[in-house]
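The values are calculated or read from the model by the stated rules, or taken from the named source; none is laboratory data. If you're wondering where the values come from, they're calculated on a predicted model, not measured in any experiment. In this analysis, Cβ positions are derived from the backbone assuming ideal geometry, glycine residues included, and neighbour counts consider all displayed protein chains.
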Amino acid sequence: MSAPLTVRPQPLPGTPEAAWPPGTLPGTPGAARRPEPETTRVTVVVATRDRRERLFETLPQHRGPVILVDNASTDGSPDAIGGAFPDVEVVRLDRNLGAAARNEGVRRAGTPYVAFADDDSFWTEGSLARAADLFDAHPRLGLVTGQVLIGEQSRLDPVSEAQAAAPLSAPRGAPGPSVLGFLSCAVVVRREAFLQVGGFEPRLFVYGEEALLAMDLTTAGWWLCYEPSLTVRHFPLPAGRDRSARRRIESRNRLLTALLRRPPAVVARELASTVRDSPAALWDVTRSLPWALRSRHRLPPAVEASLTRLEK
């Protein structure tokens, strides 16, 4: 077991009072307290890797049962979190599954609805209960996404801004405007719907994994809606990861997603974009090409038309 942290993390700006009682340190059994669940209908699934310190800041903010899926961390996160948060179910994976780690959390959840959070984000008070009410009232609702406020300044994430202005009309009776994309840290899903379509595709790993899931849920007949009264606070750490590696993965995933679901013209467009933006990603796509072609099935015309409208 790794040694406990020796510094007391500061509460994130705009959050409730610190979760650590005076004189306690994170990483010690029973040190942390979390608020009472605002609903028993939603489980919060957090996927993480090597973000122990950040978890000590964000886990106390979750207002529901939590399943933490650890992607083979090397910083002692599972032991530290398990000791400090005995009410959090910690799932230890033996390898890094990326975004697909969330699939294991959903499978283990015992609630009809599951909210996703990153290790640097949390849902604000009242959001989980409101989301559960929406699902209860709308049996065809498969996914609802809320607005994301970034950092201490609570800047509206550009994705949320785009969702609010999306030109897609909502189905009759839907609780909000339709979307065909989302940020993974800002969605609540109906567990049945998520498992029906297979969840996040493991081969996409991370960065852009949401697009394929959105397409498959919509194709299966589920509603995907934006509801700005549901709010996520997101506190990303300063940039320190390899941006060129991220750009390569994002390019690969866009092209693979097009190969899996989109018409030849869109595949050609994404191919040209990949050649321009990240030629190295072509090698990654080539290695996955047999799988992509075996798994390819075109979107229904109505779903493809909606995507085309969004891309104009």
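Residues of the range 149-204 that are of a type in the set (D, E, K, R), within 24 Å of ASN253 (Cα to Cα) and at pLDDT 95 or above: ASP157, GLU201, ARG203. Inspect the range 225-242 for any residue being outside any strand (DSSP E or B), surrounded by fewer than 22 Cβ atoms within 10 Å (Cβ to Cβ), in contact with a Cys (Cβ under 6 Å, 6 or more places away or on another chain) and of a type outside the set (Ser, Thr, Tyr) and give the result as yes or no. Within the range 225-242 (the criterion being outside any strand (DSSP E or B), surrounded by fewer than 22 Cβ atoms within 10 Å (Cβ to Cβ), in contact with a Cys (Cβ under 6 Å, 6 or more places away or on another chain) and of a type outside the set (Ser, Thr, Tyr)), the answer is no, since none of the residues qualifies. Considering only the range 246-262, I want to know if a residue exists there that is hydroxyl-bearing (Ser, Thr, Tyr), closer than 23 Å to PHE116 by Cβ, surrounded by 19 or more Cβ atoms within 10 Å (Cβ to Cβ) and at pLDDT 95 or above. Within the range 246-262, one or more residues are hydroxyl-bearing (Ser, Thr, Tyr), closer than 23 Å to PHE116 by Cβ, surrounded by 19 or more Cβ atoms within 10 Å (Cβ to Cβ) and at pLDDT 95 or above. Among the conditions (1) surrounded by 14 or more Cβ atoms within 10 Å (Cβ to Cβ); (2) touching a residue at least 40 places away in the same chain (Cβ under 8 Å), PRO86 misses just one, which is (1). For the range 219-245, residues that are modelled with pLDDT of 90 or more and basic (Lys, Arg) total 1. Of VAL267, VAL275, VAL285, all but one fail to be of a type outside the set (Phe, Trp, Tyr), without any contact (Cβ under 8 Å) to a residue 12 or more places away in the chain, assigned to a helix (DSSP H, G or I) and surrounded by 11 or more Cβ atoms within 10 Å (Cβ to Cβ); the exception is VAL275.
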